[in-house]
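Here the structure is laid out as structure tokens; the discussion comes afterwards.
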Amino acid sequence: MKLSVVLSTHAASFDAVALKGDFEANVAKIAGWGYDGVELAIRDPRLVEVGELERVVGGHGLVVPAIGTGQAWGEEKLSFTSDIPAVREAAIERIWSHIPLATRLNAVIIIGLIRGITPPGQTHERSMEYLVEAIKQCAAAAAGTGVRFALEPMNRYETDLVHTVAEGLHLADRIGADNFGLLLDTFHMNIEEPAIADSIRACGERIFHFHVADSNRWYPGAGHLDFKAILDTLAATGYRGFVSGEFRPLPDADTAAQRSITYLRRL
Ligand code: LER
Ligand code: MN
């Protein structure tokens, strides 16, 4: 099983020497702890110097299985489901702009928080129409590149749009593109799924990426999720991608990342 952990490129400030140093130091530590990959959270690919990124990541023997895009919502409020057309267009263009980078890195593009939240006065149905349209445009733009998109069902406290695997699979049916699938995250699944293992099985070949955190969103092993059952079920679907740690930096980031890989490797 290939393991990665999430790292933010910190606004991908490869032009800022201090941050670049931090980035490289973090990548070196991640490789040293035995990880196979590093999942990158990138707000805007224009701020990334791709050659430098490849040098740092590849130089430490790591790959980038996935690119997280949610900072564009968190910091800029770009959203596929905004009631402002220019904001929806900017969100779609931002995801388009990840395609060349994802092609080069052979990384999945994550559709997480950039799907947004239904604005006041807009119906849920209208938001879902906007979401379908936006993802169709992204899937079409990536056709022929090999790039795949993974929408992450997320818990009800973060968005009103697509909480469960069943809702995600229904969305996939509406989109009807081979390069669209789901990212399953054990933290969200623990809140929203009736039975985690059943949902993993139901998603099957549509699992394009996988996040792990325990029930309390600490590193795996710090809460009460049954990771043995979860990972056995995931493997039985034929999933050969990465299992990526996305958890709170507690008691501190380094300790969490080390405890996670120790625990998961033992399983
Ligand atoms: C992103 O992968 C995620 O899981 C969200 O909960 C981030 O807010
Ligand atoms: Mn996640």
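The values are calculated or read from the model by the stated rules, or taken from the named source; none is laboratory data. In this text, all values refer to a predicted model and were calculated from it rather than measured experimentally. Cβ sites come from the backbone with ideal geometry, for glycine too, and all protein chains shown count toward neighbours.
Observations, loosely collected:
- Filter result (surrounded by fewer than 22 Cβ atoms within 10 Å (Cβ to Cβ) and under 21 Å from residue 254 (Cα atoms)) within region 30-57: 31, 32, 33, 34, 36, 41, 56
- Meets criteria (surrounded by 14 or more Cβ atoms within 10 Å (Cβ to Cβ), at pLDDT 95 or above and touching a helix residue (DSSP H, G or I) at 6+ places or on another chain (Cβ under 7 Å)) for residue 27: yes
- Any chance residue 113 is in contact with a Phe, Trp or Tyr (Cβ under 9 Å, 6 or more places away or on another chain), closer than 26 Å to residue 43 by Cβ and within 16 Å of ligand 1 (Cβ to nearest atom): yes
- Hey, residue 76 over 22 Å from residue 181 (Cβ atoms), in contact (Cβ under 8 Å) with a residue 12 or more places away in the chain and surrounded by fewer than 24 Cβ atoms within 10 Å (Cβ to Cβ) or not: yes
- A single entry from 81, 164, 118 fulfils the requirement of being within 15 Å of ligand 1 (Cβ to nearest atom), in contact (Cβ under 8 Å) with a residue 12 or more places away in the chain, over 21 Å from residue 46 (Cα atoms) and surrounded by 16 or more Cβ atoms within 10 Å (Cβ to Cβ): 164.
- Every pair of residues 6+ apart whose Cβ atoms lie under 7 Å, when the first sits in region 95-115 and is within 17 Å of residue 5 (Cα to Cα) while the second is of a type in the set (Ser, Thr, Tyr): 109/69; 110/69; 112/69
- Selection count where residues are surrounded by 15 or more Cβ atoms within 10 Å (Cβ to Cβ) and free of Cβ contacts under 8 Å to residues at least 60 places away in the same chain, scope region 248-260: 4
- Residue among 244, 215 that is within 16 Å of ligand 2 (Cβ to nearest atom), under 20 Å from residue 151 (Cα atoms), of a type in the set (Gly, Ala, Ser) and touching a residue at least 12 places away in the same chain (Cβ under 8 Å): 244
- Failed item in (1) more than 26 Å from residue 161 (Cα to Cα); (2) part of a loop (DSSP other than H, G, I, E, B); (3) among the aliphatic types (A, V, I, L, M), with residue 225 passing the rest: (1)
- Qualifying residue in region 38-60 (condition: of a type in the set (Val, Ile, Thr), modelled with pLDDT of 95 or more, within 16 Å of ligand 2 (Cβ to nearest atom) and not in a helix (DSSP H, G or I)): yes
- Answer from 167, 152 - the residue that is out of contact with any helix residue (DSSP H, G or I) (no Cβ under 8 Å at 6 or more places or on another chain) and of a type outside the set (Lys, Arg): 167
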